[in-house]
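What follows is one structure encoded as structure tokens, with my remarks underneath.
The values are calculated or read from the model by the stated rules, or taken from the named source; none is laboratory data. Everything numeric in this text was worked out from a predicted model, so none of it was measured. Cβ placement follows ideal geometry from the backbone for every residue including glycine, while neighbour counts extend to all protein chains displayed. Calculation scope for accessible area: heavy atoms of the full protein, side chains included, ligands and nucleic acids excluded. Shrake-Rupley method; radii C 1.70, N 1.55, O 1.52, S 1.80 Å.
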Amino acid sequence: MSKLVVMSYRLIAAGRRGSRRVPANYSLAAWDSQKLARWAVAVATVCASIGCHQSREDAHAREVATRVRTEFLHAWTNYEKYAWGHDALKPLSKTPHDWYGQSLLMTPVDALDTLLLMKLDEEAAKAKELILKDLSFDRDVYVKNFEITIRLLGGLLSSYQLTNDKRLLDLAEDLGNRLLPVFNSPTGLPYVDVNLRTGQVRDAKTNPAETGTLLLEFGTLSKLTGKSIYYEKAKRALMETFKRRSAIGLVGSTIDVETGAWVDADSHISGGIDSYYEYLWKCWLLFGDKDCQEMWQASISAVNKYLADEVRGELWYGHADMNTGRLTASQYGALDAFFPALLAHSGDVARARRLQDSSFKMWNMHEIEPEIIDYKTMQIVYNGYHLRPEIVESTYYLHHFTHDPQYRKMGEKIFDDFVKYCRVDSGYAALQDVVTKEKRDEMESFVLAETFKYFYLLFASPDTLDFDKVVFNTEAHPLRRTD
């Protein structure tokens with residue numbers, strides 16, 4: 001006990017202006033009992049103050065986590081009630097929606113790992129049973145490779161790693177095999193759509209997000225099955241995208257997978273490109289692939305040089321011509337708000353903080369973020385809100401890396417607004433207009449896979465999920481490294 005008091009005294013003395021440091025060879029006998037008692041009281045007071053403050057913060061965070069879990073259950077149970085066995089719930093009409101006219105169980109697969117992380121064991125067991133009983137990919141339908149990969153393949157792989165139920169991995173492998181034909185283009189860049197039964201492909205006009213956001217899922221499938229083909233195909237697609245960057249290091253918005261030529265030279269970090277950059281960094285983290293590390297380093301320097309924009313002393317990211325670097329539009333939106341998370345994850349916390357402040361300013365314009373704004377005029381360009389997770393994701397990452405309590409306060413404000421304006425009797429509804437708060441009959445699976453998950457992880461106990469042992473795919477499915 002006496003050693004603890006002396007050590008604590010050293011800390012207090014070192015932190016007080018003008019105080020003398022305690023010598024390393026300090027002898028406890030040199031102090032009389034009264035002085036020692038006074039220091040003990042001071043130490044106890046300081047420690048109690050810090051401890052109480054921290055415990056209050058943690059207790060409040062757990063309360064918010066419980067609220068998030070309750071609201072997630074509100075969305076989930078209404079999906080169960082009105083859309084069970086279908087891809088998604090339309091919460092205003094209380095009707096189911098299937099993407100392709102027949103269900104691929106989008107919401108159950110997408111939400112299963114959230115159910116598991118929230119320890120909603122009964123609901124998770126029921127969802128898993130439905131998936132194992134009813135999910136079949138032997139369907140004569142054309143599906144969007146990108147969305148099916150990040151939502152279904154990613155969801156199955158993550159849930160397999162959380163449960164060790166090999167039947168989930170078997171489903172993932174079957175799906176992976178059915179998606180492989182998308183890579184059969186002259187360039188190795190994937191087509192947009194593939195027929196799950198016939199393997200026929202279509203739509204050669206695509207974008208960097210759809211060509212470059214596949215390696216985490218396909219690579220994990222390779223690691224878990226021991227079959228290298230998935231990794232090889234997805235990595236080639238990523239590298240072929242990177243190879244076609246401009247002389248100044250930027251990529252465009254639209255590319256033809258058959259010719260490899262750019263169709264649109266608009267460069268940005270928003271939808272259509274966003275997760276391409278995300279996966280360059282994350283495939284290095286998850287697989288230790290040095291090619292990805294080198295591609296990331298070359299890409300992020302170009303992004304920061306040409307797309308970053310200072311306005312009113314604030315940091316934003318706009319649009320530029322991929323060949324000249326000339327800024328062409330001052331647009332930023334809900335999808336761009338993922339970028340602070342990526343910056344923080346890759347070590348640029350200072351820039352991440354500044355950009356997060358801009359995202360939060362956008363959110364607070366109407367207490368719900370618009371899909372797109374013009375950050376120079378702060379006028380809305382597109383007034384919808386699709387219950388997107390990106391700003392919550394960045395708040396979670398910044399809190400993880402800085403432990404700054406402001407990010408939990410920020411997250412609570414975002415969550416309160418989210419509940420206030422988007423909660424309806426039968427779940428959560430997107431907004432047609434963030435100004436009027438008119439609702440839209442839409443609750444996509446990513447609300448349960450991402451938005452609620454990031455809210456929950458921001459406030460839940462850190463041992464809910466070991467952040468440093470997983471890499472989230474772009475649909476918030478945590479994937480563990482597998483050598």
Item to complete: Starting from the Cα of Asp348, step 7 Å along the direction of its Cβ; do the same at Asp203; then give the gap between the two resulting points in nm.
Response: 3.1
Item to complete: For Asp58, put the label point 7 Å out on the Cα→Cβ axis and report which residues of segment 426-463 keep their amide N under 18 Å from it.
Response: 457-463
Response to the item:
For the chain, the longest principal axis of the Cα atoms and the Cα long axis of helix 106-117 enclose an angle in degrees, to the nearest 10, of 20
Fill in: Projected label distance in nm at Asp264 and Phe467, using a 7 Å step from Cα toward the beta-carbon
3.4
Discussion item. On C-alpha positions alone, give me the angle between the axis of helix 33-83 and the longest principal axis of the chain, in degrees, nearest 10.
Written reply: 20
Discussion item. At a threshold of 8 angstrom on Cα-Cα distance, excluding pairs fewer than six apart, so keeping six or more, what relative contact order does the chain reach in percent?
Written reply: 15
Worksheet item: Would you list Lys205, Lys81, Lys235 from the most to the least accessible area, probe 1.4 Å?
Response: Lys81, Lys205, Lys235
Response to the item:
Averaged per residue, the 1.4 Å probe accessible area of segment 156-236, protein heavy atoms only, in Å², is roughly 35
Practice prompt. Positive end of the charge dipole of the chain (Lys, Arg +1 and Asp, Glu -1 on Cβ, about the Cα centre): tell me which of Ala237, Ile300, Ala204 has its Cα farthest that way.
Written response: Ile300
Practice prompt. With the full set of protein chains in place, find how many percent of the accessible area of the chain is carbon and sulfur; take the probe as 1.4 Å.
Written response: 50
Worksheet item: Per-residue ellipticity at 222 nm for the chain, helices alone: DSSP H runs ≥ 4 residues times -39500 (n - 2.57), over residue total, nearest 500 deg cm²/dmol?
Response: -16000 deg cm²/dmol
Worksheet item: Under a 1.4 Å probe, what is the accessible area of segment 240-287 per residue, stated in Å²?
Response: 30
Discussion item. Give me a comma-separated list of calculated 3J(HN,Hα) values for segment 412-422, in order, Karplus coefficients 6.51, -1.76, 1.60 applied at θ = phi - 60°, integers in Hz, x for any Gly or Pro.
Written reply: 5, 4, 4, 5, 4, 5, 4, 5, 4, 9, 10
Fill in: Heavy-atom accessible area order for Leu152, Leu132, largest first, 1.4 Å probe
Leu132, Leu152
Fill in: Most to least packed among 216-225, 91-100, 173-182 [average Cβ atoms within 10 Å]
216-225, 173-182, 91-100
Worksheet item: In degrees from 0 to 90, rounded to the nearest 10, what is the angle of the helix 349-364 Cα long axis to the longest principal axis of the chain?
Response: 70
Worksheet item: Accessible surface of Val424 in the full protein assembly, 1.4 angstrom probe, to the nearest 10 Å²?
Response: 30
Fill in: Inter-label distance, nm, simple model (7 Å from Cα along the C-beta direction), Lys409/Glu438
3.6
Discussion item. Quick check for you: with a 1.4 Å probe and neighbouring chains kept, what is the accessible area per residue of segment 344-483, in Å²?
Written reply: 36
